[in-house]
Each structure stands twice: as structure tokens, then as C-alpha cells.
Amino acid sequence: MASSTSYEAKHIQVLEGLEPVRKRPGMYIGSTDQRGLHHLVTEIVDNSVDEALAGFAKNVWITIHPDYKVEVIDDGRGIPVAKHPKVGKSTLEVVMTMLHAGGKFGGGGYKVSGGLHGVGASAVNALSEWLRVEVKRDGKIYSQEYKAGNPQAPVKEGDAPYPDGRTAKAWESAESGTRTIFLADKSIFSTLEVDFATIDAKLRDRAYLVAGLAFHLYDERDLSERHYFFDAGLVALVKHLNKNRLVINQRIMHASKDVDGIGVEVAIQYNDGFNETVDSFANVIATPEGGTHLTGFRMALTRAINDYAKKNGFVKDDEGLTSEDMREGLTAVIAIKMDSERLQFESQTKEKLGNAEVLPAVQSVVKSGIDQYFEENPTDARRIMEKIVLASQARLAARAARDAVIRKGALEGMSLPGKLADCQEKDPAVSELYIVEGDSAGGSAKQGRDRKFQAILPLGGKILNTERARLDKVIQHEELKDLIIAMGAGIGETFDIEKVRYHRVIIMTDADVDGEHILTLLLTFFYRYMPQVIERGFLYIAQPPLYRVASGSDEQYAHNDAQRDEIIKSFGSKNVVLQRYKGLGEMNAEQLWETTMNPQNRVLRQVMIETLEKADEVFNMLMSDLVPPRKRFIQTHAKTATLDV
């Protein structure tokens, strides 16, 4: 698409003021937790990415500072600084302090863009305790500082650059560009701690999607860094997603075409796993909730595969494969690019694409792309079809197994497991289920619990590894069947999150190697077969204490070595009795209640999936049949492991 080489004050349109952002931050960034904090970072980064999409920026530098400041630099054209013709202020100040003031609302500054330039910058400014922006244009440097979105002085020319960090030299050498440094407002956000891994993953995605743009990420807290530069597009991304898997088709399906001003690109590859990984993007922005582009992709995939299957005798004419069959082992990335003025997201957080005209465009490109690939690669096509047909047969077998269990009155909650000690409360919102390792700890938990709202389900050891198990095997496994029945929401295609009987599901295992293994197996089960439980925030991990420290009649509990040492120090080190808990069964019912189950004292970790792709990669690496990736992981992290010896 053609891009404007001119980017001046007249290209900035102004629609309304800034005050609503501080009053209702969730409307603009989704939340005020760490996820919202990360959204601030990506809003500024995406403005730099837009400069690259317009054909100007070649580098983006991102620095996380120890004092919670975040810095983003690009070597694009720099935000215009001339006086805005309508507002009468420097355009830089207009962009940073007025909502919907940007170069992407019809002013001609950008064609393709992800961030709504000005909405993002001004929203970040409004939600920052302090922000400084520097601009290089026409051989000059300009700067302005803000507090809670309010300018502290007019835009200055020739002001000395902010000196902090390893990227200061990169900024000095850039001939033009924009540098933004901000400190999120601690009165708005629940945390100011930026997660390096989350930002790293977001930058890597953008590097795959914008060929020729280099990203440089620095963390001044521990001096770690990452650098990304790709020119192979979505094919390289799919290859990365399948790096720890055995692939079915060696040559990745790839199609790219412009349809009525909508650029569509897709890459597809199957692996021998049972799970699906499909990422979607609109103008370089990830759309985790999908939208019309993802719907168009799924419709085309289903039609193309069914057409080929019937034409080549993989199924009978009166039979059909379902989309569920085609998702098993599917890895795909779908990306669209279009004029930002036409782009419609369902909210400012841009998690779901809403443009109706995108659906037929994507459907057309994907269908013709798959048809051509199958025609040119018959061997790979046959292997893919065999994989899908096998998935169809397994689906029918799983349904038969599930139906058989249902007919016995199990999964629908007609008879709860005998080992389940249920709670009296019937409201799921206040009910808790403790999944406890071992009968001994289960007995203590049953005695020590508050039976009004706490249910206990003991597990008799290690459960099935569900990373490589189909649904029929899961249902036949006794321990997992008990858990499924206790949850009350069904399994597979009958699963209904609204029927979950407990809105706090708490995994409580021993603090040893076996306990960690059981925890990993349970997390794998929930991630693969009940991901909605994690997405809704219902899954937790109990944190029993590691130590009991006693001196005379005084006793305290420590969750780590530092707490243990602090308690010992407070006792004066006289007559101290130290007990290291390795198993929950070492605590009596009263101790287990006081330390791990009493809502007033306990420590719980909520299980969250910040990055689905990373979670999928970790589960596959740790729990699959492939040994080399796991061996590399162990070799890499061996020195940091905590050994239970």
C-alpha cells in the first residue's frame, strides 16, 4: 500500500479531551493490573511500529528501568512539533494531551497502522505519574514533560536528552525519531513491575510481522537483553511455534494476497500433537479474541479440507469432517493489513476484529491457497488428511466413551465421587475445592477445613499425563474422572463453564519433587481440557509453609528461607526448634487449617495465562514425548534448579 512521506502538523486531527482516561482507565487499556501496564508499553511500541509500516523507522529500542520507568525509542520521522493549525499549540503537546488526536483519523499521516496514534500516546500519558517525550526532526531536538497527563512547561527546543540507560547512545546516533519515557501511575495500577518475558513475546511477534524492523529490548534490572529481526514473515513464525513438535507437512502452507485493499497473509502447518495453536493479527496487533479474519480462516479451512477429502476418497460423499477434527495438531497464523481508517476493533484494547468485509477476503485467500498447496504437494496433503481422519475417528470414540460414562450417571453430577468431601454451600461464587495430594493430607484437610464452603478431593498419586492423551483415555482414568465429576461442568464438547461448582479450585501438593510433578500434571489437565477455568481466574495453587519455627510456646511459619531466617533472628536464636515440612501429611488438621486453608492467613497463587503461545510451548516442551527440547531445557536451567536432596 502507498504510504505518505509527509507527516506534518496538518495531518493531526483533534476529536476530544483527555480527562475520561483517568476516570475510566479500563475502557482504554482493559484493566489496571499488570496486563493493563503491559498495554501501556505496547501502545507506545505500536506507534513506533506504525512508523515502520509507513516505510520510515528501521529500529525500535525498548528499555525497562529499575525505577519502574519504561523507555521506547524509534528512528522514524518524529512526532510533528509545529503549532497545530486548529488548536494553536505545539502538535507534540496536542498528540500527548488530547484524546483522539493523531495521524490515523483521516489526516493523511498513516495508511496502515495498529495503534491509533494519539489515542495510545495520550492514554499512556494520562495514566502516567510522569512522562517525558523527545523528538528529533529537521536536525533539531524537542522535548516536553508531563505529570498525570499535564504539561509541566511548553515544548522546548534544544533541551538536553534524558541520559539514562544503555539506549541513550542509540538515541544520540538517530538522525530523527521519537523517544518516550514514562512512569505508570501507582495510584491507578496495582503493580508497576513490568514482566520481561511478556514484553519479549509481544516484540517477537511484531518482528515476525513487520519484515525489516529490528527490535532491541533491554532490562536494566538484571542487564538481560533480546534482539529480533526477521524477513521470512509468517512462515518463520509458524516454524518457531512448531520448533518442539514433530511436523506432518514439512513445507509450510503459505498464501498472501491483496483483496479490495485488504492484505491477507496466512501460514499453516500440522504437527503430530492433539492441540491447536492459531494466532491472529490485524495491522500487526494480536487479536487474542479473534474476529472476522479468524472466522473467515476457519470457514475456508473446513471447506477446503472437506472438498479435498471427498474428492480423493478420504471420506464418503455423505460424510463430512468437522472443524474440531481439523484443529487437532493445527498450527496457523492469520494476519490482515488494511487502511487504519476502516479498521474496526470492538474496543480500544483491540482484542477482537469487527470488520465484516474482512471475512470474505480472508476466506477467498485461504481457500485458494490450501487448494493450490494440496494440488502441488500431494504427499503432504495425504499425510494431513490421514491425521485429520484419525482425529475424526478418535473424536467419535471419545464421544462414545463419554456417553457411556454419562449413561452410568457420572459426568452430569448425578452421583458425586465417594472420596469427595463436599461443602454445604451451593453458590459456586463462594465455594472452594481443594485438590489434595495423598490420603493422609486429604484426611487432615477434611478434618481441618471449614465444611461450610470448602470441599476436599484427595488424589491417590500421580494422574495421567494429558498432554498426549485423547479424551476417551482421560475419561477412563479414575482419578481424572472423579475430578471431572466433582467440577460438575462436563468435559470436551459438553463442557460448560457456567456449571462449574466451585469458583476457587485450589491445588495443594507436597513441597517436594513428587508434589511438583503432580502439580504439573494437574496444570496440564486444566490447560488442555478445561482452559476456561484458568481464563476465568478460578484456578489457584496453595502455598503451604516450608518451615515451622518454634521457641518455647511461640511458633511461626515461614514460606521461604528468608522468612525462616527473619523469624529465627526475631527469636534471638535461643532454644529454636526448626521443622522442615516436605509433606502436607506432616501437619495435623489444625496446623493445615491455620497455615494453608484459613482465608485470613493462607497464601494462594492464582494461575493465569498471560501469553497463550508461551504457555503452550512450555507445556509441550515439558510434557510431550520429544526428549531433545526437554533435555536442552534441563541443561540450560540446571544451575538454577532447587534440588530436593
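The table below lists the values:
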item	result
Residues that are touching a Leu at 6+ places or on another chain (Cβ under 8 Å) and at positive phi, drawn from the stretch 430-472	Gly438
Count of the stretch 420-472 residues which are more than 22 Å from Gln600 (Cβ to Cβ) and not in a helix (DSSP H, G or I)	16
Exclusive hit being of a type in the set (Gly, Ala, Ser), assigned to a helix (DSSP H, G or I), touching a residue at least 60 places away in the same chain (Cβ under 8 Å) and under 30 Å from Asp138 (Cβ atoms), set Ala197, Ala170, Ala207	Ala170
In the stretch 344-390, the residues that are of a type in the set (S, T, N, Q) and in contact with a Gly (Cβ under 7 Å, 6 or more places away or on another chain)	Gln344, Thr349, Gln363
Where a residue in the stretch 233-248 is part of a helix (DSSP H, G or I) and its partner, wherever it lies, is open to solvent by 20 Å² or more (accessible area, probe 1.4 Å) and of a type in the set (Val, Ile, Thr), with Cβ under 8 Å and at least six apart	Val235/Ile252; Val238/Ile252; Lys239/Ile252
Residue in the stretch 114-134 that is in contact with a Lys or Arg (Cβ under 8 Å, 6 or more places away or on another chain) and part of a helix (DSSP H, G or I) present	yes
The stretch 364-380 - residue that is more than 24 Å from His293 (Cα to Cα) and not acidic (Asp, Glu) and, of those, least open to solvent (accessible area, probe 1.4 Å)	Asn377
Every residue from the stretch 431-485 that is within 15 Å of Met597 (Cβ to Cβ) and among the aliphatic types (A, V, I, L, M)	Leu433, Ile435, Val436, Ala441, Ala445, Ala455, Ile456, Leu457
Residues that are out of contact with any helix residue (DSSP H, G or I) (no Cβ under 7 Å at 6 or more places or on another chain), open to solvent by 20 Å² or more (accessible area, probe 1.4 Å) and more than 24 Å from Arg382 (Cα to Cα), drawn from the stretch 213-239	His216, Tyr218, Glu220, Arg221, Asp222, Leu223, Glu225, His227, Asp231, Ala232
Flag for Asp422 being within 25 Å of Asp439 (Cβ to Cβ), open to solvent by 20 Å² or more (accessible area, probe 1.4 Å) and either at pLDDT below 95 or over 33 Å from the mean Cα position of the chain (by Cα) (or both)	yes
Residues located in the stretch 478-513, provided they are assigned to a loop (DSSP other than H, G, I, E, B) and either more than 20 Å from Glu432 (Cβ to Cβ) or open to solvent by 10 Å² or more (accessible area, probe 1.4 Å) (or both)	Gly488, Gly490, Ile491, Phe495, Asp496, Arg501, His503, Thr509, Asp510, Ala511, Asp512
Residue, farthest from Thr97 (Cα to Cα), within the stretch 146-166, restricted to residues that are crowded, with 19+ Cβ neighbours inside 10 Å and under 35 Å from the mean Cα position of the chain (by Cα)	Gly165
Checking Arg298 against (1) under 16 Å from Leu390 (Cα atoms); (2) without any contact (Cβ under 8 Å) to a residue 60 or more places away in the chain, the condition it does not meet	(1)
Pick from the stretch 281-300, criterion assigned to a helix (DSSP H, G or I) and β-branched (Val, Ile, Thr), ranking: surrounded by the fewest Cβ atoms within 10 Å (Cβ to Cβ)	Thr295
Any hit, the stretch 185-203, residues being at pLDDT below 90 and open to solvent by less than 40 Å² (accessible area, probe 1.4 Å)	yes
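The values are calculated or read from the model by the stated rules, or taken from the named source; none is laboratory data. Values in this document were obtained by computation on a predicted structure and should not be read as measured data. Note that we place each Cβ from the backbone using ideal geometry, even for glycine, and neighbour counts take in every protein chain shown. Protein only, heavy atoms only, side chains kept; ligands, DNA and RNA dropped before computing areas. Shrake-Rupley method; radii C 1.70, N 1.55, O 1.52, S 1.80 Å.
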